[in-house]
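Structure, as structure tokens:
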Amino acid sequence: METIGVKRLRDNLSRILKRVEEGEIIRVMRHGKDVVELRPIISTTEQKILRLLKDKDLVRGGTGKIGPVKTIRNLKPEMPVSDLVTEDRR
């Protein structure tokens, strides 16, 4: 997650919104204090599962794409991502 200031948000709004649409979370600060967090609206089941895994710090976004879902980097390499998804569904 990236943290930016209000001025940078204002100067680069279109680019920043594009990054959020692609799944990135951006926190905005004013005078050194967090004021808002920009997150994409989750609409598909796959995106919801991916967001839950990211919130639990089990996976992190990658650079490629698999269909409408970004690729992910498994932060627990001893456990396949498919097992993490299955475990989360219980």
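The values are calculated or read from the model by the stated rules, or taken from the named source; none is laboratory data. Worth saying up front: this structure is predicted, and the values here are computed from it rather than measured. FYI the Cβ positions are ideal-geometry reconstructions off the backbone, even for glycines, and counts take in every protein chain you see.
Within the stretch 35-53, restricting attention to residues that are part of a loop (DSSP other than H, G, I, E, B) and loosely packed, with under 15 Cβ neighbours inside 10 Å, the residue that is modelled with the highest pLDDT is 39. Would you check if there is a residue in the stretch 9-28 being modelled with pLDDT of 90 or more, among the acidic types (Asp, Glu) and assigned to a helix (DSSP H, G or I)? Yes, the stretch 9-28 contains at least one residue that is modelled with pLDDT of 90 or more, among the acidic types (Asp, Glu) and assigned to a helix (DSSP H, G or I). Each residue in the stretch 12-34 was checked for being surrounded by 12 or more Cβ atoms within 10 Å (Cβ to Cβ) and not small (Gly, Ala, Ser), and 12 of them qualify.
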